Amino acid sequence: MTTYHHSFKKWVPRWLMIVAIFATMVPVGIGLGVYLAGTTSAMSYYNADAYDIRFSIVLYYLSIAAAFPFEKVISSKFRTKPYLTTSCILFIFINLILYNTQSLGTLLVLRFLSGALSNAFIGTLFTLIFQQFHSQRSRVLSYGILYGTLLGSVPLSYLIDAYVFTTYNFNLVFLLMIFACIPGFILLFVCLKDNIDLRREKTAISARVDWPSYVLYAAALTLSAYILCYGQYYNWFTSLHIILATIVFVIFLMLYFFRQLKLKTPFVNLDIYKSRNFRIGMLMLLVFYFAKGDTSVSYGFFNTAINLDVYHRAYVMTINGVGVFSGALLTARFLLTGTRIRLIWLTGFASLLFFHIYMLFIFGSQAETSDLLLPLFFQGFGNGTLMLSIVIFYATAVPTEIAFSASATGISYRFFTFTASMALVTFMGLRQQSIHYNDYGKELVNTNPEVAHHVATYQQTLLDRGASTLQATAGASRQLGAAVRAQTNLLYARDYYIYMSAFIFLTMLAIALIPHFHYHLRKISDKLTPI
């Protein structure tokens, strides 16, 4: 028997509480990148290009960010069980529609609605996790479990994608989302007390829903996502299309901020920016998302040099999830023991630096699958360490009465930087691969005996397999082109990891030295200031 607060029924043991919470939370985390590894299948199913599919993934994230403060008021008007039940029914209904449609427009609209709806689960589950620990430790451990689960569930989505998209139609993924959601929800519903009421602020029951602020906020975030996702497609600001979208984005954002300054009860309290530590936290969040390492850069290497199929690549990525959980849980432990935050940040960035440098050595050797396990673990470890420590840092940097606004703003920053880092990878990929491809083209145009030898080898191999002379000549050209593309992809990945390694090293240097510079500058200033 357990007496852990009063949200769960008396007969429910603590281990069953945790199982119910996790079983409900994991589908929400998977929903973010549920078809991240199935972009090709999604493109074929919706007759769309990669930019459209990427935008549909980002829409889920931005909708969570936009609706997070909005959902706080909505949830305060309903009791917990009816609210959760309605949310789950809507979640199932949305995924049923997605399962039965091939319309890209419907996908975009319903992905946005799914993101907003997922806040109902996130808010409730976070409160339930919060209750499971002693009050002095609850915030750290709750954040650790929440973000560890959400980040760690992304590698799990790669495993789902591997089995779905190689065997079934793309739309089956939405049916799996339904079956993944139902068991956890039923278990949670049975375990929770019938009269449970987790409304975080019961005084807000009569509060008005601020629709104008929500619309302005969501519109600004959607436009920012559109600019970042389609900027490369339209060649950025050489396109009138992107320029107009940017102007409208700035207008919506300014209207949103002006409205918050005028409201007595703002949608997001802008007083959070008065805190120096909150501003530092947002800066660290931006730096972290750019530095955390994009494993998609290495996928070409995984496929060509190591010959990993989608199944083995998914299995290898599970070690990344183990690293995320390890980093989050160890960081929670160190935070509770009072370890200095700068040391934790240096540890996290050192893990990411190790990942990038190690990958550079793998590119230059005959790598095996086992060689990938260590760097992927450290990449996940760095992500878990930095995410939790940065979130705790900025969430505790403001007074308790506006802490919710800090959390809501942090989600928006995470969405924006996640999308911006994705755009940066796309931009660097096209730019660097084009540079290396042109360099190879100059060598291939000239009479190069090594190139002629490779072409002759390709031709002879095809002739030995029964191809005609004409077929062997054409096939040799295609194989040479494929070899050049594979090599340019490796060179681009090398460039990316070199640049990121330098960026992370400079970040670590700044974390280690800037506080000392600030201290000495203050001493100098005190001496120069007349008394």
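Quick one: ranking ASP271, ASP210 by accessible area, 1.4 Å probe, largest first, what do you get?
Correct descending sequence by accessible area is ASP271, ASP210.
So how do 273-279, 67-73 stack up, highest first, on mean other-Cβ count within 10 Å?
67-73, 273-279
Can you put PHE185, PHE179, PHE290 in order of accessible area, largest first, using a 1.4 Å probe?
Heavy-atom accessible area, descending, gives PHE179, PHE290, PHE185.
Heavy-atom accessible area of PHE93 with all protein chains present, probe 1.4 Å, nearest 10 Å²?
Approximately 120 Å² of PHE93 is accessible to the 1.4 Å probe.
With every protein chain kept in the model, how would you rank HIS356, HIS312 by accessible area, 1.4 Å probe, largest at the top? It would help to have the intermediate numbers written out before the result.
Numbers: HIS356 0, HIS312 100 Å².
Ranked from most to least accessible, the order is HIS312, HIS356.
Take the residue pairs LYS81/LYS264; LYS81/LYS262; LYS77/LYS264; LYS81/LYS292; LYS81/LYS274; LYS262/LYS292 and return only those whose Cα atoms are more than 27 Å apart.
In this structure, LYS81/LYS264; LYS81/LYS262; LYS81/LYS292; LYS81/LYS274; LYS262/LYS292 exceed 27 Å between Cα atoms.
List the residues whose amide H sits under 5 Å from the amide H of PHE8, counting only those 5 or more places along or on another chain, with H placed 1.01 Å from N in the peptide plane.
Amide H neighbours of PHE8, under 5 Å, 5+ apart: LYS193.
I'd like to check one number: the per residue accessible area of region 320-369, probe 1.4 Å, reported in Å² as a whole number.
With all protein chains present, region 320-369 gives 48 Å² per residue.
Tell me, what is the per residue accessible area of region 32-93 in Å², probe radius 1.4 Å?
For region 32-93, the per-residue accessible area is 34 Å².
Report the net charge of residues surrounding TYR394, where surrounding means a beta-carbon distance below 12 angstrom and charges are Lys +1, Arg +1, Asp -1, Glu -1.
Result for the local shell: +3.
Can you figure out the FRET efficiency of LYS77 with ARG14, using R₀ = 22 Å and their beta-carbon distance, to the nearest 0.05? It would help to have the intermediate numbers written out before the result.
Numbers: r = 31 Å, r/R0 = 1.39.
Approximately 0.10, to the nearest 0.05.
Report THR86's accessible area, 1.4 Å probe, all protein chains in place, as a number in Å² to the nearest 10.
Around 80 Å² of this residue is reachable by solvent.
Probe radius 1.4 Å, ligands and nucleic acids ignored: give me the carbon and sulfur share of the accessible area of region 355-412 as a rounded percent. Can you show the working numbers first?
Details: 1240 of 1990 Å².
Solvent-exposed carbon and sulfur of region 355-412 make up 62 percent of the total.
Using a 1.4 Å probe over the heavy atoms of the protein chains, calculate the carbon and sulfur portion of the accessible area of region 206-261 as a whole percent.
Reported share for carbon and sulfur atoms: 76 percent.
The values are calculated or read from the model by the stated rules, or taken from the named source; none is laboratory data. Since we're looking at a predicted model, the values are computed, not measured. With ideal geometry, Cβ positions are generated from the backbone for all residues, glycine too; neighbour counts draw on all protein chains shown. To get the accessible areas, we keep the full protein, side chains included, count just its heavy atoms, and leave off ligands, DNA and RNA. Shrake-Rupley method; radii C 1.70, N 1.55, O 1.52, S 1.80 Å.
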